[in-house]
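Here is the structure we will look at.
The values are calculated or read from the model by the stated rules, or taken from the named source; none is laboratory data. Just so it is clear, the model here is predicted, and its values are computed rather than measured. Don't worry about glycine lacking a Cβ; one is built from the backbone with ideal geometry, like all the others, and counts go over all protein chains shown. Note: accessible area is taken over every heavy atom of the protein model, side chains too, but ligands, DNA and RNA are not part of it. Shrake-Rupley method; radii C 1.70, N 1.55, O 1.52, S 1.80 Å.
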Amino acid sequence: MTIIIRPAVFFDRDGVLNHDAGYVHTPEAFVWTDEAVEAVRHVNDAGWLAFVVTNQSGIARGYYGPEDVARLHRWMQGELGRHGAHIDAYYYCPHHVDGCKAELAVECSCRKPQPGMLLAAMDDWSVDRGRSLLIGDKPSDLEAARRAGIRGCLYQGGSLLRLVREAMAAAGPPAGES
Ligand SMILES: [Mg+2]
Ligand SMILES: [Zn+2]
């Protein structure tokens, strides 16, 4: 059996795939950024893995529950699917030290800048770490990428497709090819 190792693009969610309006947890509040769907499809079409890694401290703070996050991610997947795109897996951190839910008000290893969500994805999937990259809109995203040993790219608005395409091209060919 051959295990196919694929590079991955890790997308931060709020501020990268959608405009960060603060604690977005419903489809009504979710607005895709410029060419976000196309960016995900570009990752799919290249044969790379596409992950979402998102801090959702709103759960620890009691603003919404994990079921809201799951519902929103299902909705996102449906929207992407209508355009021939998909996210391979969604990872979120529900924790925050200032949370009102005791069991979630902890110093965890998954809230970015901790790399826990990235490492979990790398555990769950066969990921070519050398070529993988993260797209984030905050220094804490880039720090999580650094700690996971992958490249981080800052998204500052504009076409997400263009940034993703350039970042993937800069990853070069798979090891062993030239
Ligand atoms: Mg963000
Ligand atoms: Zn966490």
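Across the stretch 107-125, the qualifying residues are those that are out of contact with any strand residue (DSSP E or B) (no Cβ under 7 Å at 6 or more places or on another chain) and open to solvent by 30 Å² or more (accessible area, probe 1.4 Å), and the one among them that is farthest from ligand 2 (Cβ to nearest atom) is Asp123. The set of residues in the stretch 107-136 being part of a strand (DSSP E or B) and more than 16 Å from ligand 1 (Cβ to nearest atom) consists of Val127 alone.
For the stretch 80-106, a residue qualifies if it is charged (D, E, K, R) and either within 16 Å of ligand 1 (Cβ to nearest atom) or surrounded by 16 or more Cβ atoms within 10 Å (Cβ to Cβ) (or both), and exactly one does: Asp88.
Kindly check whether there is at least one residue in the stretch 33-54 that is within 16 Å of ligand 2 (Cβ to nearest atom) and among the aromatic types (Phe, Trp, Tyr). Checking the stretch 33-54: at least one residue is within 16 Å of ligand 2 (Cβ to nearest atom) and among the aromatic types (Phe, Trp, Tyr).
Residues in the stretch 137-160 that are surrounded by fewer than 18 Cβ atoms within 10 Å (Cβ to Cβ) and in a helix (DSSP H, G or I): Pro139, Ser140, Glu143, Arg146, Arg147.
Contact map, the stretch 68-82: residues that are within 10 Å of His25 (Cβ to Cβ) paired with residues that are of a type outside the set (A, V, I, L, M) and open to solvent by less than 30 Å² (accessible area, probe 1.4 Å), Cβ distance under 7 Å, separation 6+ or inter-chain. Pairs shown: Val69/Gln56; Leu72/Phe30. If you go through the stretch 15-38 and keep only what is closer than 21 Å to Ala144 by Cα and crowded, with 22+ Cβ neighbours inside 10 Å, you end up with Val16, Leu17. When the criteria are applied in full, Asp68 fails the requirement of being within 16 Å of ligand 2 (Cβ to nearest atom) and more than 14 Å from the chain's Cα centre (by Cα).
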